[in-house]
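Everything on this sheet refers to the single structure shown next.
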Amino acid sequence: MINLYNTHIENLSIHRVGNKSRNEAIFLSEQTYNLNDYKLVTEIFDNPSSVHDVSKKITKHLFEQSNHPHIKNGEVYVTYLTHLNIDNTIVDAVGIFKSEIQSDFMQFEEKGTTLEMILQQGISLNKLDKGCLIFNHKKEEGYKILSVDSNRYDARYWLEHFLSVDAFEDENFITKKYLKFCQGFAKDVVFPAEDKKEEVMFMNRSVNYFAKNDQFEESNFLNEVLDNPDLIPEFKNYKVDKGEKYSIEDVTTFPIANAAVSDARKSIKNVINLDTHIQIKMDFINPESAEKYVEKGWDEEKQMYYYLVYFNKEQKS
């Protein structure tokens, strides 16, 4: 948990970094802005007065990683923050932010009896393009970092090439990764072996297992969510093949993070799309409805599959 209530910005350095592959320049400010890789950050934590000089090194390091043509130029902000509360511990932090996308905005100016409209471009304060907070916390583990990247076209450039960070493998991380793994299994194994309905139903049951349990236990999970027992060895084989990709190869039990389950529920598709331009939407909250009231069959006369849906009455929108 992070508390920024008493946080104070000690200083702020602003530079501009271009795209190296397009021969765009780098601009380094000579002084800090006036305010009322981890070795670089360590320099700041060891000697906070060096933050502006180190901010130039940080910006140069970012410039060296700006080789992909999709990477946008923009302003880089480096700031030293004090009195942050993380895990009930008061620490300092270094903030590194980059603004990339400029938005149009209107300015109005009175000229005599006329109000003139001026179109300008600037940086929106409502959305951060890229940023991270590096906390002077758990140094022996490489510091704790919070990172955000709103522009996904160059995610590896920011996280991997510039920050060189690994995700903290807590229960939130593992819950997300395991549900992602289940999505892969549903698509690659359940759908070919069964059908689209069973793919959706497997994910319905998986999400509901995570939602109603505080602790994940793999054998219990498989017995509960896989209707077809023949798919249990298929699941284990898929985990051998794909587990490392999802960072869950050795995971069989872990505490379940409710926030990660809620996020997954929003992102997992629960719709069967048919080639006749009809959609059937399943309910994640009540998956037993699909089990009881939706049947799949084959019509010999039409030589087509069909879904038979039972109901008592139509509901108003």
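The values are calculated or read from the model by the stated rules, or taken from the named source; none is laboratory data. The structure displayed is predicted, hence computed values, not measured ones. Positions of Cβ are generated from backbone atoms using ideal geometry, with glycine treated the same way; all protein chains shown enter the neighbour counts. The accessibility values were calculated without ligands, DNA or RNA, using every heavy atom of the protein model including side chains. Shrake-Rupley method; radii C 1.70, N 1.55, O 1.52, S 1.80 Å.
Numbers at a glance
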{"item": "Spans of helices (runs of 4 or more DSSP H) in the range 206-307 with at least 1 residues in contact with a helix residue (DSSP H, G or I) (Cβ under 6 Å, 6 or more places away or on another chain) and either under 22 Å from residue 174 (Cβ atoms) or of a type in the set (Lys, Arg) (or both)", "result": "218-225, 231-242, 258-267"}
{"item": "Unmet criterion (only one of (1) within 21 Å of residue 46 (Cβ to Cβ); (2) open to solvent by less than 60 Å² (accessible area, probe 1.4 Å)) for residue 138", "result": "(2)"}
{"item": "Yes/no for residue 47 being farther than 24 Å from residue 124 by Cβ, modelled with pLDDT of 90 or more, open to solvent by 70 Å² or more (accessible area, probe 1.4 Å) and of a type outside the set (Lys, Arg)", "result": "yes"}
{"item": "Residue within the range 48-60 that is among the polar types (S, T, N, Q) and within 28 Å of the chain's Cα centre (by Cα) present", "result": "yes"}
{"item": "The listed residue being modelled with pLDDT of 90 or more, buried (at least 17 other Cβ atoms within 10 Å of the Cβ), of a type in the set (Phe, Trp, Tyr) and in contact with a strand residue (DSSP E or B) (Cβ under 6 Å, 6 or more places away or on another chain), out of 77, 143", "result": "77"}
{"item": "Residue among 28, 84 that alone is of a type in the set (A, V, I, L, M) and closer than 16 Å to residue 132 by Cα", "result": "84"}
{"item": "Hey, residue 135 aromatic (Phe, Trp, Tyr) and more than 23 Å from residue 31 (Cα to Cα) or not", "result": "yes"}
{"item": "Enumeration of residues in the range 62-74 that are part of a helix (DSSP H, G or I), surrounded by fewer than 16 Cβ atoms within 10 Å (Cβ to Cβ) and either in contact with a Phe, Trp or Tyr (Cβ under 7 Å, 6 or more places away or on another chain) or among the aliphatic types (A, V, I, L, M) (or both)", "result": "none"}
{"item": "Extreme residue, farthest from residue 28 (Cα to Cα), among residues of the range 80-103 that are of a type in the set (Ser, Thr, Tyr) and surrounded by 19 or more Cβ atoms within 10 Å (Cβ to Cβ)", "result": "80"}
